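> There's a structure below that I have some questions on.
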Amino acid sequence: MTEESSRELPEKPPEPDSLPAGPILFYNETVIDHFMHPRNVGELENPDGEAVVGDPMCGDQMKVSIRVDNGIISDIKFKSFGCPGAISTSSMVTELARGKSTVEALLITDDDVVLALGGIPAHKKHCSLLGVRAVQQAIQDYLRKEKAEIDRVHEKDISGS
Ligand code: FES
């Protein structure tokens with residue numbers, strides 16, 4: 001085992017608040033950590049919202065399920081059939097979305113994810129779109145279901161049945 005490969009990864013990598021200067025050529029330690037130990041992996045039973053999105057260019061796929069309590073994303077899980085960039089960015093976007101209101105989580109951008117990871121190589125930047133789009137669509141699925149439920153209750157009130 002080389003000294004490099006035996007090096008311990010930090011328990012919780014620091015969350016950078018700015019990107020390094022110059023082009024990013026390799027996955028950094030934070031990205032590798034989220035790829036090797038992705039957070040929030042799995043699938044929620046009876047989720048309040050869910051979505052599956054795919055990248056037609058590379059065939060990678062991502063499924064997100066969310067639990068929403070009082071407008072807050074209280075739980076979130078993802079499954080990914082994707083590259084290291086897709087897995088690490090999906091892991092990070094679930095971390096960013098957890099505990100946020102649905103409105104706040106809808107505003108998370110792929111740039112937010114890349115920044116939180118401390119950057120990813122430019123040719124892998126599109127991978128971060130997969131997780132962001134999946135989270136946005138899962139929230140939209142939740143909001144659609146909520147609206148349908150409100151409409152149903154409203155209609156019941158009007159008809160008195
Ligand atoms: Fe497809 Fe990364 S190469 S999401």
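> Would you check which residues across the range 31-46 are under 15 Å from the mean Cα position of the chain (by Cα) and of a type outside the set (Val, Ile, Thr) and list them?
34, 35, 37, 38, 39, 40, 42, 43, 44
> Kindly evaluate residue 148 against the criterion of being under 24 Å from residue 25 (Cα atoms) and away from the ligand (no atom under 16 Å from the Cβ). I'd like the intermediate steps shown before the answer.
On the way: under 24 Å from residue 25 (Cα atoms): no; away from the ligand (no atom under 16 Å from the Cβ): yes.
Judged against the criteria, residue 148 is not a match.
> Take residue 22 and tell me if it is out of contact with any strand residue (DSSP E or B) (no Cβ under 7 Å at 6 or more places or on another chain), without any contact (Cβ under 8 Å) to a residue 40 or more places away in the chain and within 16 Å of the ligand (Cβ to nearest atom). If you could, list the steps in order and put the result at the bottom.
Values: out of contact with any strand residue (DSSP E or B) (no Cβ under 7 Å at 6 or more places or on another chain): yes; without any contact (Cβ under 8 Å) to a residue 40 or more places away in the chain: yes; within 16 Å of the ligand (Cβ to nearest atom): no.
When the stated conditions are applied, residue 22 does not pass them.
> Now a separate question. Can you give me the number of residues within the range 76-128 that are within 11 Å of residue 40 (Cβ to Cβ), β-branched (Val, Ile, Thr) and more than 13 Å from the ligand (Cβ to nearest atom)?
Result for the range 76-128: 2.
> Now a separate question. Would you please name the residue that is farthest from the ligand (Cβ to nearest atom), looking only at residues in the range 30-75 that are among the small types (Gly, Ala, Ser) and assigned to a strand (DSSP E or B)? First the steps, then the outcome.
Here is the first cut: in the range 30-75, the ones among the small types (Gly, Ala, Ser) are 42, 49, 51, 54, 59, 65, 71, 74.
Filter once more, keeping what is assigned to a strand (DSSP E or B): 49, 51, 54, 65, 74.
Working: 49: 22, 51: 16, 54: 9, 65: 19, 74: 27 Å.
So, considering only residues that are among the small types (Gly, Ala, Ser) and assigned to a strand (DSSP E or B), the one farthest from the ligand (Cβ to nearest atom) is 74.
> Considering only residues that are surrounded by 14 or more Cβ atoms within 10 Å (Cβ to Cβ) and on the phi > 0 side of the Ramachandran plot, which ones fall in the range 32-83?
Of everything in the range 32-83, just one residue is surrounded by 14 or more Cβ atoms within 10 Å (Cβ to Cβ) and on the phi > 0 side of the Ramachandran plot, namely 40.
Readers should treat all values here as calculations from the given coordinates under stated rules, not as data from a laboratory. Nothing here was measured: the structure is a model prediction, and the numbers come from that model. Methodologically, a virtual Cβ is constructed for each residue, glycine included, from the backbone with ideal geometry; neighbour enumeration extends over all protein chains shown.
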